[in-house]
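Reviewing the structure listed below.
Bear in mind these aren't lab numbers, they're just calculated from the coordinates by the rules spelled out. On a predicted model such as this, the values are computed, not experimentally measured, just so you know. As a convention, Cβ positions derive from the backbone with ideal geometry for all residues, glycine included, and neighbour counts pool all protein chains shown.
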Amino acid sequence: MEIERMSDFFTARVEGYDEHMLHSVEGCKEGYVKLAELVPERTNTLLDLGCGTGLELDEIFKRLQHIKVTGVDLTEAMLYKLRQKHSNKDIELINADFFKLDLGVEKYDAVVSFQAMHHFSHGDKIELYSKISRALKNNGVYIECDYMVTEQSDEDYFFSENERIRKEENIPEDEFCHYDTPCTIDNQIEMLRKAGFTNVEMLWRMGNTTIVIAENK
Ligand SMILES: C[S@@+](CC[C@H](N)C(=O)[O-])C[C@H]1O[C@@H](n2cnc3c(N)ncnc32)[C@H](O)[C@@H]1O
């Protein structure tokens, strides 16, 4: 089995992407609506990490038409689609790696990510979650909807397979590749707590699509 570089993977699939997420991944269609409902009414500034073509923003804009959005994504072709859909909105799109990008301090009322975090190690995620916590204003919320599992044995299996395939294909450690490594819900909650969030809970789940909310209180 070959794994593709992250950006190549999404560039090659951008045309059928929205259709696939909405109709073939259990819980996504409903998850976009649910996540949008959880974004607090008071939100003026929102950061979307791994915003892709903007499927979660489609729902968020239905509720909150006038928010100022910053979207970050590694894949330019995905951002191009988003720009076409929401050209009349207040959106800044940044084509960058969210691990390397400076997210600023106390800039956002809400940070969201949808199906963008299930490819990374615990260590990288904890560092990113700390940056997110710092980028949030007082009483800000981080809402993550992602592919999560319940059993540690499943998480261990995906991580060890990822390591094995990367070794076989001589992929450098710092290269982002598309291989799913979902974490357990318990580990997700623990990582967010380690990053400094005080209130963390799972709020919703359909299939493996799971929403966790984290607050700085
Ligand atoms: C499964 S898609 C989700 C897109 C969108 N949030 C949605 O639910 O439709 C994952 C997205 O995360 C982006 N991504 C993956 N790793 C990234 C990174 N390190 N920095 C920025 N974007 C990244 C990919 O380019 C892709 O567009």
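Quick look at the values:
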quantity	calculated
Kirkwood-based shape ratio for the stretch 158-207, expressed as Rg/Rh from alpha carbons	1.11
Gaussian network model of the chain, Cα within-10 Å springs - most flexible of MET78, MET21, MET117	MET21
Label point at ASP102 placed 7 Å out along Cα→Cβ; residues across the stretch 123-157 whose backbone nitrogen lies under 17 Å	131-136
Residue order, fewest to most surrounding Cβ atoms within 10 angstrom, among CYS28, CYS51, CYS177	CYS177, CYS28, CYS51
Pairs from LYS29/LYS107; LYS100/LYS131; LYS29/LYS100; LYS62/LYS89; LYS34/LYS131; LYS34/LYS62 whose Cα-Cα separation, in the structure shown, is over 19 Å	LYS29/LYS107; LYS29/LYS100; LYS34/LYS131
Loop-located GluC sites (Glu not before Pro) in the stretch 46-142, at most 14 other Cβ atoms within 10 Å (DSSP)	GLU106
Bridge type composition, the stretch 6-215 - antiparallel percent by DSSP, nearest 5	40 percent
GNM flexibility winner over the chain from LEU22, LEU82, LEU192 (Cα, springs under 10 Å)	LEU22
Formal net charge of residues neighbouring GLU19 (Cβ-Cβ distance under 13 Å; K, R +1; D, E -1)	+1
Sorted largest first, extent of the chain alpha carbons per principal axis (Å)	48, 38, 32
Candidates ASN88, ASN187, ASN199: whichever shows maximal mean-square fluctuation once the chain is modelled as a Gaussian network with Cα springs under 10 Å	ASN88
